[in-house]
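Since the structure comes first, as structure tokens, the remarks are kept for the end.
The values are calculated or read from the model by the stated rules, or taken from the named source; none is laboratory data. This is a predicted model, so every value here is computed, not measured. Cβ placement follows ideal geometry from the backbone for every residue including glycine, while neighbour counts extend to all protein chains displayed.
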Amino acid sequence: MAVTGPAPPKPDTLDQEDLLRRVRPANWQNPEPKPRYDLAIIGGGPAGLVAARTAIRLGLSVALIEKYRLGGGSLDTGSIPSKTIIRTARVYATTHRAQEFGAPVSTELPADFLKITTRMRGIRARIAEYHSAERLRTLGIDVFFGDARFASADALAVGDKRIAFRKALIATGALPSVPSIPGLEEVGYRTSRSIFELTAFPKRLAVIGGGPLGCEAAQAFCRLGAHVTIVQNEPKFLPHEERDASQLLSFALARDGVDTRLNTTVVRVREEGGSKILDTSNYDAKDSIAADEILLSIGSIANTVGLDPEVAGIATNPAVGVVVDDFLRTTNPRVYAAGDVCMSHKFTNVAEASGRMAVQNAFAGRRRRASRMTIPWCTYCDPEIAHVGMHVWDAGERSIPIKSYTVMMQDVDRAITDGQDDGFVKIHVKAGTDRILGATIVASRASEMINEISVAMSVGIGMRELAEVLHTYPAQSDAIRLAALAYVQDRPVSWLRRTWGRLRA
Amino acid sequence: MDELTGLSDDALIDRLQRGAFSYLTEFANDDNGLVADTSREGSPASIAVVGFALSCYPVAVKNGWMSRAAAATQTLKTLRFFWNSPQSDQPDATGYKGFYYHFLHMKTGRRVWQCELSLVDTTLLLAGVLMAGRYFDGGGDEPEIRELADAIYRRVDWQWAQNNGQTVAQGWKPECGFLHYGWEGYNEATILYVLGAGSPTHALPPDSFTGWTVTYQFENLLGQDVLYSGPLFTHLFSHAWIDFRGIQDEFMRSSRKDYFQNTRNSIALHREYGARNPRGYEGYDQNLWGITAGEGPGNDELRESYRDRRFFGYTSRGVPYGPDDGTISPWAMLATLPFDAGPAIAGTRRLLEIYPQVCTKDRFSSGFNPTFRKGGSEWLSEGWFGLDQGLLVLMIENYRSGFVWEIMRSCPVIRTGLKRAGFKGGWL
């Protein structure tokens with residue numbers, strides 16, 4: 001099929017128009033629906049897109065309905081824009097330390113935010129090509145732009161069109177949660193969906209919420225020259241991570257100049273003299289924070305707005321979103337769900353994996369369980385904080401004895417030469433065995449390193465084998481081999497016994 | 001300080017123990033038994049320091065520094081104060097629900113600094129109260145000591161401190177209710193759960209202790225197997241009173257270790273960290289270590305030798321995850337005597353040889369940072385802290401004679417509490 005149109009622009013001049021041309025073309029004509037689709041997918045984010053491609057590969061007819069832009073929150077406002085900005089922030093942080101490396105570079109702050117967001121838009125548009133409506137149409141997917149709602153147990157309505165299905169997948173994602181803090185609505189705030197649309201760089205930024213998004217944004221804006229205060233209502237940042245990881249992050253945020261407030265709640269927001277004022281309470285200590293912008297990052301809630309799931313007999317629940325069983329099926333046996341709308345781990349990798357899994361369960365006769373997924377995740381601060389598998393408390397609750405083998409990055413040659421020696425690799429092993437149950441990595445590139453552990457866990461490589469795997473030297477990931485080596489050195493007796501046993505056998 | 005380093009090991013230890021003890025009498029209010037938190041002008045009393053002082057009087061009697069009658073008199077005054085002082089939810093009370101505020105006015109005995117009702121510090125006070133109740137087994141003032149000790153302990157409402165949860169809250173304030181610092185992992189609180197479990201009146205349920213131990217991390221770190229906790233003091237406080245040699249709870253049984261061994265391993269970890277000295281601080285060595293909670297040089301930043309060197313004020317420092325700003329606590333090595341005497345003495349001697357200024361009037365200062373220099377001299381915490389002195393007296397005594405451990409092994413509350421928390425074996 002010949003594709004006509006203007007010559008593709010060079011990547012460094014890609015802009016918002018290029019993005020929209022790909023993920024929400026202005027002149028898009030929704031196709032005439034087929035009498036019935038094998039699979040109708042609501043939502044063109046990571047879960048929906050993967051599901052659509054998986055279904056096409058299975059030879060199914062697919063309708064994909066997107067309300068806003070293809071690519072979903074991940075591309076539009078989430079992972080991609082934030083990682084792009086974080087990269088620039090790392091450059092600033094490195095140049096700030098340049099003298100340490102014998103390189104006399106200096107960078108003026110605050111950063112030129114317009115240049116940074118222009119780069120971000122270009123990158124987003126480039127990546128959007130893989131999810132473009134045109135490309136999906138070429139694959140044979142019927143792409144509809146519009147609001148979808150359930151019209152019956154086996155049909156959707158999109159505008160005045162009826163889309164009948166054998167099976168459907170809800171992949172509508174999640175929306176940022178907004179707490180009921182008095183004055184917040186009046187004073188105004190931004191969320192992950194709008195923070196990167198800022199046109200003026202805020203001199204003072206207040207971040208409410210110390211989860212992954214909040215910590216990433218706090219550090220990045222601080223490094224770009226904003227005075228950032230982050231308010232967290234719990235005793236530690238990243239409440240889902242272990243103490244040592246959270247603590248290292250606290251040090252790193254403070255090192256970069258972020259004003260960190262733990263155990264602190266925002267009780268009221270008001271406007272005063274052109275500033276947004278957050279009144280806070282840390283037990284009995286009251287304080288106020290003045291800011292130009294407020295970023296809300298207290299988590300997200302499943303998005304079922306306007307979907308009318310009850311019409312199709314699909315149960316939802318404010319706490320979990322669309323209710324699914326372990327096979328991702330909703331209370332309507334024809335309808336599945338995937339991604340942030342139903343998963344407790346609201347990550348792009350989980351969305352994609354669950355999208356694929358739902359289609360395989362629905363059509364390919366597979367019975368794959370969502371609870372069996374080995375999910376690695378990462379918070380992209382500096383250092384990065386990545387985790388996979390069990391935490392110590394998960395094992396404790398299931399009475400699984402656990403022992404952890406830790407290597408500090410300050411003892412890893414490549415981390416030292418890189419000037420990136422904050423952090424650790426901690427691998428949790430079932431006590432008395434070789435089996436890896438989980439790991440936490442805090443390191444400059446923990447997001448990359450954790451995948452080695454995921455591979456080992458997925459294919460059942462134990463610590464002993466891992467210790468035998470040659471790693472490049474020097475490499476930061478060598479810390480993983482060193483942790484495995486600590487395991488081997490810790491268990492010489494059992495090793496001898498096993499070898500002896502093998503020799504005798 | 002040549003005078004000190006010239007002494008034999010035994011003579012040196014004796015001298016430093018006596019020097020430490022003299023703090024507790026010099027900075028005490030003889031009317032109510034309260035002892036100042038620090039030697040600084042206007043310092044309030046710390047209830048934890050009083051707990052150490054109560055435990056140290058019997059040691060002083062044993063070593064001939066105090067008559068038994070004088071020790072009984074001082075102890076009785078202290079116990080009468082704690083029994084009779086106001087217990088209520090008023091913001092200027094001395095305590096509430098049997099617990100006490102962390103800091104009290106030296107003279108009035110009322111809460112100062114709007115501080116918290118502290119569970120850990122009340123526990124350390126109670127350890128001293130219970131020790132007094134066991135030691136003073138004679139007539140005269142002594143029967144009243146026993147009665148008051150029992151009454152003060154029985155009054156503590158441990159169950160209230162659970163705040164409807166499984167584990168205990170770490171503090172409470174009349175202004176805002178319970179405080180949760182997010183305890184996760186091992187720390188100095190073992191004795192808290194033991195005393196809480198041993199109560200005949202308001203005992204913590206058995207699952208309260210296990211609700212805490214489930215967050216423990218058993219780790220291989222720098223080649224050492226440790227139940228991890230960063231600051232050195234967390235491996236010492238409970239051990240000042242309880243002899244953990246040979247007794248095991250469920251966690252230690254499954255790890256085939258005990259808490260005493262764990263402190264030994266943690267000391268080895270601290271020494272290894274001192275040898276590696278990853279951040280390149282002055283002084284650190286396998287025989288110069290002691291990173292724990294305490295005062296520091298303050299919030300200053302130096303970027304010398306191309307290193308990010310930030311210095312902190314009062315904070316809980318730890319190994320190996322940090323924070324570590326080059327501050328060591330000069331008393332800490334000696335406080336590890338009962339666990340591994342060789343390194344404790346070698347380290348203390350090395351410290352006294354290189355940096356004699358850390359010890360004045362035979363008392364160690366609380367914090368020292370040879371990396372942080374101002375006006376040509378290394379930063380040194382001013383004066384002395386009562387906690388450091390009290391801990392040293394008890395630890396040195398346990399090393400020399402096991403005296404404190406022996407008394408507490410016979411204490412029914414400790415025995416019951418340990419058993420209810422799942423400890424078995426050894427002397428139990």
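What the table below lists for this structure:
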read-out: Residue match in region A:286-293 (condition: in a loop (DSSP other than H, G, I, E, B), under 30 Å from A:Gly159 (Cβ atoms) and at pLDDT 95 or above); value: no
read-out: One residue from A:Ala52, A:Ala63, A:Ala26, A:Ala47 being out of contact with any helix residue (DSSP H, G or I) (no Cβ under 8 Å at 6 or more places or on another chain) and either of a type outside the set (D, E, K, R) or modelled with pLDDT of 95 or more (or both); value: A:Ala63
read-out: Number of positions in region A:227-241 that are assigned to a loop (DSSP other than H, G, I, E, B) and surrounded by fewer than 24 Cβ atoms within 10 Å (Cβ to Cβ); value: 8
read-out: Residue list for region B:95-123, restricted to those being within 13 Å of B:Ile152 (Cα to Cα) and either within 21 Å of the chain's Cα centre (by Cα) or acidic (Asp, Glu) (or both); value: B:Gly95, B:Gly98, B:Phe99, B:Tyr100, B:Thr122, B:Thr123
read-out: For A:Val228: the one exception among (1) more than 14 Å from chain B (Cβ to nearest Cβ); (2) modelled with pLDDT under 95; value: (2)
read-out: Number of the condition not met by A:Arg124 [criteria: (1) within 14 Å of chain B (Cβ to nearest Cβ); (2) farther than 15 Å from A:Cys222 by Cα]; value: (1)
read-out: Residue under evaluation B:Arg276, criteria (1) within 14 Å of another protein chain (Cβ to nearest Cβ); (2) at pLDDT below 95, criterion not met; value: (2)
read-out: Failed item in (1) surrounded by fewer than 16 Cβ atoms within 10 Å (Cβ to Cβ); (2) of a type in the set (D, E, K, R); (3) in contact (Cβ under 8 Å) with a residue 40 or more places away in the chain, with B:Arg373 passing the rest; value: (3)
read-out: Residue check for B:Cys115: within 24 Å of B:Thr38 (Cα to Cα) and surrounded by fewer than 23 Cβ atoms within 10 Å (Cβ to Cβ); value: yes
read-out: Listing of strands (runs of 3 or more DSSP E) fully contained in region A:128-216 that carry 2 or more residues being surrounded by fewer than 23 Cβ atoms within 10 Å (Cβ to Cβ) and among the small types (Gly, Ala, Ser); value: A:148-152, A:155-158
read-out: Hits in region B:181-224 - residues which are more than 14 Å from every other protein chain (Cβ to nearest Cβ) and aliphatic (A, V, I, L, M); value: B:Ala189, B:Ile191, B:Leu192, B:Val194, B:Leu195, B:Ala197, B:Ala203, B:Leu204
read-out: Restricting region A:252-263 to residues that are under 17 Å from A:Arg90 (Cβ atoms) and of a type outside the set (A, V, I, L, M), the residue that is surrounded by the most Cβ atoms within 10 Å (Cβ to Cβ); value: A:Asp256
read-out: Test: residue in region B:138-159 that is farther than 28 Å from B:Val61 by Cβ, of a type outside the set (Lys, Arg) and within 14 Å of another protein chain (Cβ to nearest Cβ); value: no
read-out: B:Arg271 vs. criteria modelled with pLDDT of 95 or more and either hydroxyl-bearing (Ser, Thr, Tyr) or in a helix (DSSP H, G or I) (or both); value: yes
read-out: Output for region A:70-87, where each listed residue is over 12 Å from A:Val143 (Cβ atoms) and of a type outside the set (S, T, N, Q); value: A:Gly71, A:Gly72, A:Gly73, A:Leu75, A:Asp76, A:Gly78, A:Ile80, A:Pro81, A:Lys83, A:Ile85, A:Ile86, A:Arg87
read-out: Counted residues, region B:400-428 - those being more than 17 Å from B:Pro58 (Cβ to Cβ) and of a type in the set (A, V, I, L, M); value: 3
read-out: Selection from region B:186-219 of residues that are in contact (Cβ under 8 Å) with a residue 12 or more places away in the chain and among the hydrophobic types (A, V, I, L, M, F, W, C); value: B:Ala189, B:Ile191, B:Leu192, B:Val194, B:Leu195, B:Ala197, B:Ala203, B:Leu204, B:Phe209, B:Trp212, B:Phe218
read-out: Residue list for region B:305-320, filter: modelled with pLDDT under 95, within 11 Å of another protein chain (Cβ to nearest Cβ) and assigned to a loop (DSSP other than H, G, I, E, B); value: B:Ser305, B:Tyr306, B:Arg307, B:Asp308, B:Phe312
read-out: Counted residues, region A:456-465 - those being closer than 25 Å to A:His240 by Cβ and either more than 12 Å from chain B (Cβ to nearest Cβ) or modelled with pLDDT under 95 (or both); value: 3
read-out: Condition met for B:Leu227 (buried (at least 22 other Cβ atoms within 10 Å of the Cβ), more than 10 Å from chain A (Cβ to nearest Cβ), at pLDDT 95 or above and closer than 26 Å to A:Gly438 by Cβ); value: yes
read-out: Hey, A:Gly122 exposed (fewer than 15 other Cβ atoms within 10 Å of the Cβ) and out of contact with any Pro (no Cβ under 6 Å at 6 or more places or on another chain) or not; value: no
read-out: Verdict on B:Gly171 being out of contact with any Ser or Thr (no Cβ under 8 Å at 6 or more places or on another chain) and within 30 Å of B:Val214 (Cβ to Cβ); value: no
read-out: Residue selected from region A:92-115 under the condition free of Cβ contacts under 8 Å to residues at least 12 places away in the same chain and part of a helix (DSSP H, G or I), by the criterion surrounded by the fewest Cβ atoms within 10 Å (Cβ to Cβ); value: A:Lys115
read-out: A:Ala153 vs. criteria within 30 Å of A:Leu328 (Cβ to Cβ), free of Cβ contacts under 8 Å to residues at least 40 places away in the same chain, outside the structural domain of A:Ala226 (by TED's automatic domain parsing) and over 25 Å from the mean Cα position of the chain (by Cα); value: no
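Matching residues to (1) in contact with a helix residue (DSSP H, G or I) (Cβ under 9 Å, 6 or more places away or on another chain); (2) of a type in the set (D, E, K, R); (3) buried (at least 19 other Cβ atoms within 10 Å of the Cβ); (4) not assigned by TED's automatic domain parsing to the domain that holds A:Val335:
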residue	(1), (2), (3), (4)
A:Ala245	no, no, yes, yes
A:Val266	yes, no, yes, yes
A:Arg270	yes, yes, no, yes
A:Gly273	no, no, no, yes
A:Asp284	no, yes, no, yes
A:Ala291	no, no, yes, yes
A:Pro309	no, no, yes, no
